[in-house]
Amino acid sequence: MRALIQRVRHARVVVAGQEVGAIDQGLLALVGVEKGDDQARADKLLHKLLHYRVFSDEAGKMNRDLRQVEGGLLLVSQFTLAADTRKGLRPSFSSAAPPAEGEALFDHLVTRARAAWPKVATGEFGADMQVELINDGPVTFLLES
């Protein structure tokens, strides 16, 4: 599994003109599920999301995690993160998990996240989503499990 995370001041997801998820300060995680991913990888990714130190301490160093700043976590499925872009000028999605498998693992990630942290919002799996954010920094990392 992969997650492109961005430290945000605010982020929200809109589907068909309706807001379906929003957070204030926290992390926006665009999540891609690949063939061979399983619940153990989803759990490992969640651990990284909750504990990755990307928020500044008093000295301005990235020493605080999401929990320490009491931030929100916005999880958004994005199968294009599983694309193979090494060849040609068109991405290949042969390494992406099939939709049903991807949805099951994304749902597992969301369920575990909500059990571990009270400030979790999501997009809508498979929907045409508009994601708005104010990137704080900018701070962006690609996490892999």
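Remarks
- Partners for Lys119 among lysines (Cα-Cα distance below 23 Å; same-chain residues under 8 apart left out): Lys44, Lys48
- Counting only DSSP beta bridges with both residues in region 2-144, the antiparallel share comes to about 75 percent.
- Per-residue packing, averaged as other Cβ atoms within 10 Å, sorts the ranges 9-15, 133-139, 21-27 into the order 21-27, 9-15, 133-139, beginning with the highest.
- In degrees, nearest ten, helix 39-51 long axis to first principal axis of the chain (Cα): 30 degrees
- Estimated FRET transfer efficiency (Arg53, Glu19; beta-carbon r; R0 41 Å; 0.05): 0.90
- The packing ranking of peptides 47-53, 87-93, 2-8, 32-38, highest mean first, is 2-8, 32-38, 47-53, 87-93, where packing means the average number of other beta carbon atoms within 10 angstrom of each residue.
- Förster-model FRET efficiency, 25 Å R0, His108 and Thr80, C-beta, rounded to 0.05: 0.80
- In this structure, Leu89 and Ala116 have a Cβ-Cβ separation that, at R0 = 35 Å, corresponds to a calculated FRET efficiency of about 0.30.
- Theoretical ellipticity at 222 nm over the chain - DSSP helices of four or more residues, -39500 (n - 2.57) apiece, nearest 500: -7000 deg cm²/dmol
- Extension gain, Gln130 to Glu70: 0.36 nm times the residue separation minus the Cα-Cα distance gives 19.1 nm.
Each value in this text was obtained by applying a stated rule to the coordinates, not by laboratory testing. This one's a predicted model, so the numbers in the text were calculated from it and none came from an experiment. Note that each Cβ is placed from the backbone with ideal geometry, even for glycine, and that neighbours are counted across all protein chains shown.
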